[in-house]
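The numbers here are math on the coordinates, done by the rules we state, and not lab data. Computed from a prediction, not measured in an experiment: that's the story for all the values here. Here Cβ is always computed from backbone atoms with ideal geometry, including for glycine, and neighbour counts include all displayed protein chains.
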Number of protein chains: 2
Amino acid sequence: MSEDFSLHTVDVALTPRQRFEEYLQSRSKRLTEQRRILVDFIFKRHDHFDADELISALAAESSQRKVSRPTVYRTLGELVEAGMLRIIMENEGRAVYDHDYGYPAHDHLHCGECGKLIEFHSEELARIRDAVAAEHGFRVASHRLIVEGTCKECLSAKRRRNRKLDRI
Amino acid sequence: MSEDFSLHTVDVALTPRQRFEEYLQSRSKRLTEQRRILVDFIFKRHDHFDADELISALAAESSQRKVSRPTVYRTLGELVEAGMLRIIMENEGRAVYDHDYGYPAHDHLHCGECGKLIEFHSEELARIRDAVAAEHGFRVASHRLIVEGTCKECLSAKRRRNRKLDRI
DNA sequence: CTTCGTGCAAAACCTTTGCATTAAA
DNA sequence: TTTAATGCAAAGGTTTTGCACGAAG
């Protein structure tokens with residue numbers, strides 16, 4: 001049983017880089033320059049991204065030495081294994097990654113008009129999830145919830161358009 | 001506003017094939033032999049599948065005339081557009097489809113050990129989803145929730161293995 | 001030194017598309 | 001008879017892999 005909680009009892013005071021180092025050491029993997037660049041870059045700010053966006057953004061930072069595409073993919077996989085990133089959805093065939101470390105658990109509202117992702121957190125949701133799982137004797141590791149729809153801004157824009165049409 | 005409810009007020013008494021015919025007619029599309037084979041085959045029983053499994057299963061039914069791979073993909077897209085199928089997850093790069101017609105709304109527990117998908121329904125969940133969306137002025141179209149973890153059977157198997165190890 | 005990681009190019013893989021042919025309506 | 005749909009083959013686009021070289025421990 002104890003190993004099942006180990007993922008959740010990591011020291012949250014560690015920086016992402018330190019956390020990643022810890023993971024790498026535990027697997028006898030090496031902290032290379034490329035992995036260092038990537039973990040620092042990815043956790044510099046909180047946002048959602050896909051592999052291509054990451055590679056472009058990295059290339060834009062001329063100060064950074066470039067990291068090859070295969071290495072980016074390999075490192076993304078390691079960060080997911082380490083529990084530091086998670087894939088929240090597939091957008092047009094590309095996996096969209098989200099921070100899963102140093103940031104509170106959350107889910108997303110996804111606007112189908114503008115593509116925006118709005119984060120929210122609900123304790124109640126976790127409670128229901130656990131209750132349902134318990135009914136089935138299922139042990140929860142995590143969950144992924146995306147609510148599809150239209151955001152406030154796009155709804156307003158639509159209403160404006162409709163009002164205009166009404167007047168014609 | 002009225003158009004926003006139209007998707008939910010379709011006549012549920014229609015068979016999947018009839019429902020699909022209705023959709024096709026509304027778009028001036030034709031009810032071809034291939035589309036008939038596919039809609040009948042897919043809705044013959046309720047389960048989750050990916051394009052490849054569907055093609056194999058169809059090929060196994062020697063009685064059925066075969067449908068080409070591109071046509072299968074095209075028809076799956078149409079059934080999704082018609083609101084009769086939905087993609088619940090990506091499994092190893094392949095889109096996993098689930099019935100979204102003639103079957104009550106539901107979400108899934110996904111066992112990471114055996115890959116099983118367990119369905120459940122929760123009114124409370126929909127309530128929370130709507131409350132959160134309302135807080136953000138977001139209009140909900142649908143949602144996708146997957147709870148990852150380990151199912152009862154795989155937990156038992158694991159416990160058996162552990163007990164054995166303990167005795168050594 | 002030994003082993004692991006990187007970069008390059010090529011491959012793998014699911015899904016989509018162009019086009020000539022076939023079949024709905 | 002007109003227009004949409006199919007099947008084939010080939011292309012698309014993301015992600016993965018084989019392998020020789022380079023770097024970490």
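Between copies, the label points of A:N162, set 7 Å from Cα on the Cα→Cβ line, lie 5.4 nm apart, reported in increasing order to one decimal in nanometres. When B:A59 is represented by a point 7 angstrom out along its Cα-to-C-beta vector, the spacings to that point in the other copies are 3.9 nm, nearest first. An ellipsoid equivalent to region B:77-168, defined through the eigenvalues of its Cα gyration tensor, has semi-axes of 34, 18, 11 Å when rounded to whole angstrom and sorted largest first. Every Cα-Cα pair in region A:56-123 was counted, and those over 14 Å apart are 70% of them. With a Cα-only, solvent-free Debye model of region A:27-72, what are the log10 I(q)/I(0) values at q = 0.16, 0.17, 0.33 Å⁻¹? After summing over all Cα pairs, the log10 values are -0.43, -0.48, -1.45.
Averaged over peptide A:118-125, the number of partner chain Cβ atoms lying within 10 Å of each residue's Cβ comes to 4. Helix A:33-43: angle to the longest alpha-carbon principal axis of chain A, degrees 0 to 90, nearest 10? The angle comes out at about 40 degrees. Applying D = kT/(6 pi eta Rh) to the protein assembly as shown, where Rh is the Kirkwood radius over alpha-carbon pairs, T corresponds to 4 °C and eta to 1.567 mPa s, the Stokes-Einstein value obtained is 56 µm²/s. Taking the inverse of the mean reciprocal distance over all distinct Cα pairs, the Kirkwood hydrodynamic radius of chain A comes to 18.6 Å. Can you give me the Cα centroid spacing of region B:90-115 and region A:129-168 in angstrom? Here the answer is 19 Å between Cα centres. Using a simple spin-label model with pseudo-atoms 7 Å out from Cα toward Cβ, A:H106 and B:E90 lie 2.2 nm apart.
Applying a 10 Å radius around every beta-carbon, put A:140-146, A:151-157, B:61-67 in order of their mean neighbour count, most first. Kindly include the intermediate steps, with their values, before the conclusion.
On the way: A:140-146: 17.9, A:151-157: 15.9, B:61-67: 11.7.
So the peptides A:140-146, A:151-157, B:61-67, ranked by packing, come out A:140-146, A:151-157, B:61-67.
For B:A13, the label point sits 7 Å beyond Cα toward Cβ; its separations from the matching points on the remaining copies run 6.9 nm, from shortest to longest. Close lysine pairs were tallied over chain B: pairs 8 or more places apart or on different chains with Cα atoms under 25 Å apart number 7.
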